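The values are calculated or read from the model by the stated rules, or taken from the named source; none is laboratory data. Please read all numbers here as calculations on a predicted model, not as lab measurements. Here the Cβ positions follow ideal geometry from the backbone for every residue, glycine too, while neighbour counts run over all protein chains shown.
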Amino acid sequence: MATRFITPAIWLVAVLVLAWPLGKYMAGLMDESTAGRARPRGGLESALRRALGPAWDTDQDWKAYVVSMLAFNAVMFGVAFLVLLLQRWLPLDPDGKGALEPSLIFNTVASFTSNTNLQHYAGEQAMSYFSQLFALMWLQFVSAATGIAALAGLSRALGGRTKIGNFYRDVSRATFFLLLPLALVLGVILAVLGIPMTLHGAAVAHTLEGAVQTIARGPVAAFVAIKQLGTNGGGFFGPNSTHPFENPTYWTNVIENGAILLVPMACVWMFGRLAGRLRDAVVILAVMGILLVGGITAANRLEARETPALTTLPVRKAPENLEGKELRFGAGAGPTWAVSTTATSNGSVDAMHDSLNPLTGLVPMVGMWLNVIFGGVGVGMINMFLFIVVAVFIAGMMVGRTPEYLTRKVEAREMKLALLALLIHPLFILGGTALFAATSWGTHTVLNAASHGFSEILYEFSSATANNGSGFEGLGDHTIPWNVSTGLVMLLARFIPIIAPLAIGGSLAAKKPTPETSGTFRTDGWLFGAVLLGTVLIVGALLFMPVAVLGPIAEHLSLGGAR
Amino acid sequence: MREWTTSIRLWLLSWAVCCVAYTAVILGVAHAAAPDAAEGSLLTDSAGRVVGALRVAQAFTSPEYFWPRPSAADYNAAAASGSNLSSASPKITARADSIIARLGGGPADSVPADLVTASGSGLDPDITLAGALFQVPRVARARGVDPAAVERLVRSRARRVGGLPGAPRIVRVLPLNLALDRAFPAGRS
């Protein structure tokens, strides 16, 4: 019982401590203020500048920035699509993987381009090493960097600049000077701790009882490092970080779980520094931290209950429900990771979410519905910005003043954009779930009966929309309707909530700043923190309470007699 | 047009750095620092033949071996999977029922939960110490050896989760069975 909470407490504090200098480093990397530009950047950056050509030097307004982002993301999509399409003819395929079905290719490429990493395939069965490295792992670097770049652009706009930087500069710096060194360090640590790293094909073992066991392996350590750091979450193997080769020991589990949260936390500090509002960042981090700790505590308590299916049998009580768990991670590791991975939009798992106790399974869903508890690298903070705009608007209305954020007036145009970006989230989750729960597209693909089957459909659309990527994996989701619908949802739910906030930022930056007076509603105090927390929770509850009741809560209540 | 040329340059550069160079560095360091783990920590018998991987469960059904946790993937290490059943699913109850019958558990001798629940990967290499001790009488009988000797072997191979004081003890099944074959070879038919 003690280790269940003590270990996460220790490593959470460690990650929090590490996020501070990392956030400072990231802000320095992205600093384009007069002082930042004057700072010498070293030979590597001038080499980058030469390699990328003249586009490096232009300063872009938000529209040009968005165009560059979409152009590069289109290239990402196209290159990865071609790699997967041509898999059979490409090298690094020692086990001879076959061709992939076109709708699966679309889904997978949309998934990794949008930093979601929803997987309708199992890596060790479907993907060659070339596809894993040059399509999927590559996208894990550059899609994460895209999110960080977008946040840097937004932060500068909120700092009052209409020229918000240059997308190519930002995305290159995030890729080569942030994610790459972090992944190198983590990849080496994980390899030393026992994760395989080889280009040899599967090993063939002759077991003690005379059977033959084929053991899939590959360049796993490199893949897992960036998967965890970039809130990607797409595993090398089907069952992700439950697999002994992705997560061999208790300590790799602790390190991988910490790596999920590191960059998203540092992003809040980067935002605070670039926007010149470090105190605001403290409040935002506190709100996110309260939600994270609350989620971890709740999930651990709920998961400590006995497996409901075993209550009537002569089975000794375990410290927690063990279905879908690995013993080497210890009690509490599964629910703690489940909350971390859905609070951020990582989506890797170290326990199967489908087999969590019914109410425990609700907690990761809540993480994805809110999608602001640190969230995806860069984009989590951008989502929180949308809630901040709503919160200052509500607070402004309550006291009868024109709402302001960081000295700029928030008016109809900004509110429309903010609500557009906020409302597509429930629209895709609830609309998609309704459609698939009502038709054979969904009902023929669920593994479990009744309300748990509904939860499987609901989880899939929540995961796709939140760009999370985890799943209630009992769902038979490799069908054309699932591949096409979630593929489209992932792309739209990725880019609309990036573009709309940049538009808001651009619009705010173009306004004349109003001087802060004693009458200004401050966004850097505990009062605003409470308003923000309330806004997130109330909006979330209003939107998602009905489906929560239909899915996990109904299943939990139906167990009443057994308990 | 400039957007496309810049994007394509960035693609090629990031391929070279993040896919080629990064992978090569991790490959090199892994093979220098942990060459055995880099290839999957494979275990070999005295003849040098690969019998399995240290950290990957394999099927055991004969009475003279310790059995691992049930596997939804049937111990297929090329297609790992959990059961993905709801923790309240009657299918889990039915599966547990048949395993309890096979293990010889009952109201007087309840079975440790890890032996009747499928792991996340279907390849969990460990069972709890309690799960191993539960199987000692069967293994000892099948090998015709003293149960106390088998229990000593099991306890000597148990380790605490994460090496943390006070944490529950677990045992890796495949190395345990290999050690069993070395210590009590006569029992093998």
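Restricting the first member to the stretch A:260-275 and to residues that are in a helix (DSSP H, G or I), and the second to residues that are among the basic types (Lys, Arg), the beta-carbon pairs closer than 9 Å and six or more apart or on different chains are A:Ala266/A:Lys24; A:Trp269/A:Lys24; A:Met270/A:Lys24; A:Phe271/A:Arg277; A:Gly272/A:Arg279; A:Arg273/A:Lys24; A:Leu274/A:Arg156.
Residue by residue, here is whether (1) under 25 Å from A:Pro196 (Cβ atoms); (2) part of a helix (DSSP H, G or I); (3) within 11 Å of chain B (Cβ to nearest Cβ) holds:
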position	(1), (2), (3)
A:Phe106	no, yes, no
A:Asn117	yes, no, no
A:Glu124	yes, yes, yes
A:Ala135	yes, yes, yes
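Only one entry in A:Thr198, A:Thr175 is touching an Asp or Glu at 6+ places or on another chain (Cβ under 7 Å), buried (at least 17 other Cβ atoms within 10 Å of the Cβ) and under 21 Å from A:Leu136 (Cβ atoms), namely A:Thr198.
Reported count of residues in the stretch A:416-434, each being free of Cβ contacts under 8 Å to residues at least 40 places away in the same chain and of a type in the set (A, V, I, L, M, F, W, C), is 4. When the criteria are applied in full, A:Ser111 fails the requirement of being surrounded by fewer than 24 Cβ atoms within 10 Å (Cβ to Cβ), small (Gly, Ala, Ser) and either in contact with a Ser or Thr (Cβ under 7 Å, 6 or more places away or on another chain) or in a helix (DSSP H, G or I) (or both).
Can A:Ala183 be described as in a helix (DSSP H, G or I), of a type in the set (Gly, Ala, Ser) and more than 10 Å from every other protein chain (Cβ to nearest Cβ)? Answer is no for this residue. Please go through the stretch B:31-85 and give me each residue that is at pLDDT below 95, hydroxyl-bearing (Ser, Thr, Tyr) and farther than 20 Å from A:Ala216 by Cβ, ordered by number. Of everything in the stretch B:31-85, just one residue is at pLDDT below 95, hydroxyl-bearing (Ser, Thr, Tyr) and farther than 20 Å from A:Ala216 by Cβ, namely B:Ser46. Condition check for B:Ala30 on (1) of a type outside the set (Asp, Glu); (2) surrounded by 18 or more Cβ atoms within 10 Å (Cβ to Cβ); (3) more than 7 Å from chain A (Cβ to nearest Cβ): one failure, at (3). Residues in the stretch B:100-121 that are crowded, with 19+ Cβ neighbours inside 10 Å and either more than 7 Å from chain A (Cβ to nearest Cβ) or touching a strand residue (DSSP E or B) at 6+ places or on another chain (Cβ under 8 Å) (or both): 8 in all. Tallying residues that are in a loop (DSSP other than H, G, I, E, B) and either within 30 Å of A:Val536 (Cα to Cα) or facing chain B (nearest Cβ under 7 Å) (or both) within the stretch A:320-356 yields 18. The set of residues in the stretch A:36-63 that are among the basic types (Lys, Arg) and under 19 Å from A:Leu178 (Cα atoms) comprises A:Arg37, A:Arg39, A:Arg41, A:Arg49. The residues in the stretch A:434-476 that are crowded, with 24+ Cβ neighbours inside 10 Å and within 25 Å of A:Val339 (Cβ to Cβ) can be counted, and the count is 22. A count restricted to the stretch A:162-173 and to residues that are farther than 18 Å from B:Leu12 by Cβ and more than 11 Å from chain B (Cβ to nearest Cβ) stands at 5. Going by what's in this entry, would A:Phe393 be described as crowded, with 18+ Cβ neighbours inside 10 Å and within 14 Å of chain B (Cβ to nearest Cβ)? When the stated conditions are applied, A:Phe393 does not pass them. Can you find even one residue in the stretch A:534-542 that is in contact with a Gly (Cβ under 9 Å, 6 or more places away or on another chain), assigned to a helix (DSSP H, G or I) and under 27 Å from A:Phe436 (Cα atoms)? No - not one qualifying residue is present in the stretch A:534-542. Filter the stretch A:10-62 down to residues that are under 27 Å from A:Val339 (Cα atoms) and within 14 Å of chain B (Cβ to nearest Cβ) and give me whichever is surrounded by the most Cβ atoms within 10 Å (Cβ to Cβ). For the stretch A:10-62, the residue satisfying everything is A:Trp11. Residues in the stretch A:200-215 that are in contact (Cβ under 8 Å) with a residue 12 or more places away in the chain and either at the interface with chain B (Cβ under 7 Å from one of its Cβ atoms) or in contact with a strand residue (DSSP E or B) (Cβ under 6 Å, 6 or more places away or on another chain) (or both): A:His200, A:Ala202, A:Ala203, A:Thr214, A:Ile215.
For (1) of a type in the set (A, V, I, L, M); (2) part of a loop (DSSP other than H, G, I, E, B); (3) over 21 Å from A:Val75 (Cβ atoms), each residue gets a yes or a no:
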{"residue": "A:Ser155", "(1), (2), (3)": "no, no, yes"}
{"residue": "A:Arg169", "(1), (2), (3)": "no, no, no"}
{"residue": "A:Phe176", "(1), (2), (3)": "no, no, no"}
{"residue": "A:Gly187", "(1), (2), (3)": "no, no, yes"}
{"residue": "A:Ala191", "(1), (2), (3)": "yes, no, yes"}
{"residue": "A:Gly218", "(1), (2), (3)": "no, yes, yes"}
{"residue": "A:Ala221", "(1), (2), (3)": "yes, no, yes"}
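Evaluate the stretch B:47-68: report whether one residue or more is out of contact with any strand residue (DSSP E or B) (no Cβ under 8 Å at 6 or more places or on another chain), within 7 Å of chain A (Cβ to nearest Cβ) and over 30 Å from A:Thr307 (Cβ atoms). No, the stretch B:47-68 has no match at all. If you go through the stretch A:63-93 and pick out every residue that is within 11 Å of chain B (Cβ to nearest Cβ) and in a loop (DSSP other than H, G, I, E, B), you end up with 1. Inspect all residues belonging to the stretch A:296-315 and state whether any of them is over 28 Å from A:Phe141 (Cα atoms) and touching a strand residue (DSSP E or B) at 6+ places or on another chain (Cβ under 6 Å). Among the residues of the stretch A:296-315, at least one is over 28 Å from A:Phe141 (Cα atoms) and touching a strand residue (DSSP E or B) at 6+ places or on another chain (Cβ under 6 Å), which makes the answer yes. Take A:Phe112 and tell me if it is touching a residue at least 12 places away in the same chain (Cβ under 8 Å), touching a Cys at 6+ places or on another chain (Cβ under 8 Å), of a type outside the set (Lys, Arg) and within 25 Å of A:Asn483 (Cβ to Cβ). No: the conditions fail for A:Phe112. Residues in the stretch A:53-98 that are among the aliphatic types (A, V, I, L, M) and modelled with pLDDT under 95: A:Ala55 alone. Of all residues in the stretch A:298-319, which are in contact (Cβ under 8 Å) with a residue 40 or more places away in the chain and assigned to a loop (DSSP other than H, G, I, E, B)? Listed by number, the residues that qualify are A:Ala304, A:Arg305, A:Thr307, A:Thr311, A:Thr312, A:Pro319. Is one or more of the residues making up the stretch A:500-507 more than 20 Å from the chain's Cα centre (by Cα), in a helix (DSSP H, G or I) and of a type in the set (A, V, I, L, M)? Yes, the stretch A:500-507 contains at least one residue that is more than 20 Å from the chain's Cα centre (by Cα), in a helix (DSSP H, G or I) and of a type in the set (A, V, I, L, M). Residues being crowded, with 18+ Cβ neighbours inside 10 Å, not small (Gly, Ala, Ser) and not in a helix (DSSP H, G or I) are entirely absent from the stretch A:488-498.
Scan the stretch A:280-300 and tell me whether some residue there is over 30 Å from A:Arg156 (Cβ atoms), within 14 Å of another protein chain (Cβ to nearest Cβ) and either surrounded by fewer than 24 Cβ atoms within 10 Å (Cβ to Cβ) or in contact with a Pro (Cβ under 8 Å, 6 or more places away or on another chain) (or both). Yes, there is a match, as at least one residue in the stretch A:280-300 is over 30 Å from A:Arg156 (Cβ atoms), within 14 Å of another protein chain (Cβ to nearest Cβ) and either surrounded by fewer than 24 Cβ atoms within 10 Å (Cβ to Cβ) or in contact with a Pro (Cβ under 8 Å, 6 or more places away or on another chain) (or both).
A:Glu473 meets each of the listed conditions (1) within 14 Å of another protein chain (Cβ to nearest Cβ); (2) in a helix (DSSP H, G or I); (3) of a type in the set (D, E, K, R) apart from (2).
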